[in-house]
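**Q** Handing you a structure now.
We did not get these values from a lab; they are worked out from the coordinates using the rules stated. All values reported here derive from a predicted model rather than from experimental measurement. For neighbour counting, all protein chains shown are included, and Cβ atoms are generated from backbone atoms with ideal geometry for every residue, glycine included.
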Amino acid sequence: MSVPVFSFGTDRGYAHVQARGSDRLPTGGRYTVQGCHGAGTVLGSSFVSTSSDLARALSLYEGSADDLGSSIRGSLTIYLEDNRSGELLILSDPFGSSTVFLYKTELTTLISSSLVSLTSLAKSDGKPLKKSLKYAAMLASSNNGGLVDSPYEGVRVLGQFKYISISTAGVSEKEYSIQDDIFSIDLFRPQSAELLRERVKQDIVANISAASRYPSSRYICHLTGGMDSRTVLAGLISSGYENKYVLHCGGDPLADDMQISRRLASAFDLQISYDSGLEVGVLSGSPVVDSKWSMHETAGLLRGPANPGLRQSDAVVLSGGFGGLLRNSFGLPLATVPSDGFDARCLMKPMLGALGEQDGHGNSVLNGELRIHALERLSQVQERAKTLGVPNEALPEFVWFSFRSRYYVGEISRSLSKYVNRFDPLYSPWMLALAWSYSRQERALNFAHLDLIVDIHEELAMMPYDKERITSAYLDARPNLTMGALPQSQAPMKRNSLAAAPFNLGLGNTAISSEQFESARKIGLPPATVAYSELYRSRCLEFIEELGKEELSQYFNFEHLYKLVANPPKWRPQYRSIRDLHDVLSWYLDE
């Protein structure tokens, strides 16, 4: 799937605009389609994942770019030419979960939602971009991008609720009007939460209905014991398309996720399978190669599930993630709220991770300069929240929205769209306002999220979850609701009998012993993270020697970095940090 790169430049006083790698498909209406990246819905009813899909959806459409872009749901960017004005347009979803990148030199500006396409074009033009050790350091510590814009120096990202217009007059960044609609809602009227829940419910059902009408050989809905997947399942049943789908749950057969998912499938007479929708065509056989494949797939943004060993499939996969906006972001205890409210400093440790922020003993793996940078970025988000009228008590959720929803939730869906039609049906711009129409205490006690699921499907909402999601406080406040029960019977797990066995390149030994499985279960980590920890650690020591103290000390606290990898890990954050450090430094040093 080719993703276009739009460019604007000047040469000898003349401006030139180019759409490189584009498709150019007429729609019969106002726009010519130049490209499509990701998967999602447009105009409330059309699911799109290719340029051809988009051209059909925009057939005879004459509306504005603002209205069109505001209608996008999901991690999706569309590339258009306005036949009236001649402008080139890059319309990303309002949340910016399909991140758009800009790289500007003295004479040229390159713009694309694909960092892979953008860096490849710059290299082919003889101006290769330099990888950012600053981004790598932050990603290794926090497992989250955004506190540094991009894995490449000089590349910045387009802000949320913005789109791009390019003409011979230059590059313009414009704001979607839906931003004003969302942040002008009076959240303190008693009826606000009810009205907003109805809007979110309508979006979820419309999203699922559009995806379910999309031609596909397989329809899969991811299910766990958590609240996001429960919301998706509620929407799926409410839409009437549930029998078109096979549910999927992976992982430990004895884990709560699997037990609850199979009982939910039994309760509603639905099929459940080991088939996630992703088909593995090639296995590297090496955890080192796996990490490189994954990091290169996103050009260093994150190590996610997308990798070139996957086969391309037409499967539609529903997987929820945006419900995190409705809950207590970062799991902060209610008692941690300062008397004068939240500020950027309160969120340093949740964002930077246990080994990233100062713990009172100077044991951060990040140096003071990078922590100051992180504080400045969080302060900018705090100021933006204040400008938009976000309640101070909702600052953690706004920070989650500003970073995690883009660089993790959104990027995972977008990167997988190359191989499968993955879509988060919980994408609704009204989710933001709905979250803030509840108090922080109500969000922390799951009032906002449970009320939404109840509105969509009450019986499903009140069945047990993987944790104590339905508290006594919630039941006391909602006396008309009663706790339900899951059936004892479990639906049988099916396998995808049509899937061909993957080819194993045999590049390494990936066998995991029963002892390592058990150790990982006790710690609460994926078996591979524990099994390969010694390999990751030894390679990290090699990376540290190759880069040297001077270069690493630009962003790392070198002594504590060395201490982290010099000794075998004992606790969960150490295992994770060693793995993440290995992955990002492996990518950073790879040519």
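**Q** What's the longest uninterrupted piece of the chain once you rule out the trypsin sites (Lys or Arg not before Pro) that are loop residues per DSSP with at most 10 other Cβ within 10 Å?
**A** So the longest stretch without any such site is 131-494.
**Q** Rule-of-thumb check for the stretch 232-357: C-alpha Rg over 2.2 N^0.38 Å?
**A** Values: Rg = 19.6 Å, N = 126, 2.2 N^0.38 = 13.8 Å.
Here the answer is 1.42, to two decimals.
**Q** Exposure proxy check: 286, 437 ranked by fewest other beta carbons within 10 Å?
**A** Final ranking by Cβ density, sparse to dense: 286, 437.
**Q** Of the GluC sites (Glu not before Pro) in the stretch 424-507, which ones lie in a loop per DSSP and count no more than 11 other C-beta atoms within 10 Å? Don't skip to the end; give the middle numbers.
**A** Values: sites: 442, 458, 459, 468; in loops: 468.
For GluC sites (Glu not before Pro) across the stretch 424-507 that sit outside H, G, I, E and B with at most 11 neighbouring Cβ atoms in 10 Å, the list reads 468.
**Q** Now a separate question. Could you compute Rg(Cα) / (2.2 N^0.38 Å) for the stretch 251-297, with N its residue count?
**A** Cα Rg divided by the expected 2.2 N^0.38 Å: 1.65.
**Q** On to the next question. Stick to Cα atoms and the Kirkwood definition of Rh, then tell me Rg/Rh for the stretch 5-180.
**A** On the way: Rg = 16.2 Å, Rh = 16.7 Å.
Here the Rg-to-Rh quotient is 0.97.
**Q** Right, next: Evaluate Rg over Rh across the stretch 61-114, taking Cα atoms for both radii and Kirkwood's formula for Rh.
**A** My calculation of the ratio gives 1.01.
**Q** Compute the projected area of the convex hull of the Cα atoms of the stretch 1-83, averaged over all viewing directions, and report it in nm² to one decimal place.
**A** 5.6
**Q** Something else about it: Sort largest first and round to whole Å: the equivalent ellipsoid semi-axes of the stretch 514-589, each the square root of five times a Cα gyration tensor eigenvalue.
**A** The three semi-axes for the stretch 514-589 are 25, 12, 9 Å.
**Q** Out of the chymotrypsin sites (Phe, Trp or Tyr not before Pro) in the stretch 486-591, which ones are loop residues according to DSSP with at most 11 other C-beta atoms within 10 Å?
**A** For chymotrypsin sites (Phe, Trp or Tyr not before Pro) across the stretch 486-591 that sit outside H, G, I, E and B with at most 11 neighbouring Cβ atoms in 10 Å, the list reads 571.
**Q** A follow-up question, please. So which of 244/522; 123/174; 467/522 end up more than 27 Å apart, counting from Cα to Cα?
**A** Working: 244/522 38 Å; 123/174 29 Å; 467/522 18 Å.
Cα-Cα > 27 Å for 244/522; 123/174; rest within.
**Q** In whole angstrom, note down how far apart the Cα centers of the stretch 235-313 and the stretch 452-504 are.
**A** Using only Cα atoms to place each centre, the spacing works out to 18 Å.
**Q** So, one more: So how far, in whole Å, is the C-alpha centre of the stretch 98-114 from the one of the stretch 516-591?
**A** Rounded to whole Å, the Cα centres lie 32 Å apart.
**Q** Also, I was wondering about something else. With an 8 Å cut-off on Cα pairs and a minimum separation of 6 or more residues, tell me the relative contact order of the stretch 5-180 in percent.
**A** Reported as a whole number, the value is 22 percent.
**Q** Still on this structure, please answer the following. Using Cα-only point scatterers and the Debye equation, what is log10 of I(q)/I(0) for the chain at each q in 0.10, 0.11, 0.12 Å⁻¹, rounded to two decimals?
**A** Result of the Debye calculation: -0.91, -1.13, -1.38.
**Q** Can you pull out the GluC sites (Glu not before Pro) in the stretch 76-109 whose DSSP state is coil and whose Cβ has at most 16 other Cβ atoms within 10 Å? Each step should come with its number before you reach the end.
**A** Numbers: sites: 81, 87, 106; in loops: 87, 106.
For GluC sites (Glu not before Pro) across the stretch 76-109 that sit outside H, G, I, E and B with at most 16 neighbouring Cβ atoms in 10 Å, the list reads 106.
**Q** Now for a different question. Please report the spacing between the Cα centers of the stretch 1-80 and the stretch 362-435 in Å, no decimals.
**A** 25
**Q** Per residue, how big is the convex hull of the stretch 435-586 when only Cα atoms are used? Give it in Å³.
**A** Cα convex hull per residue, to the nearest whole number: 236 Å³.
**Q** What's the magnitude of the charge dipole for the chain around its Cα centre, counting Lys and Arg as +1 and Asp and Glu as -1 at the beta-carbon? Answer in Debye, nearest 20.
**A** 600
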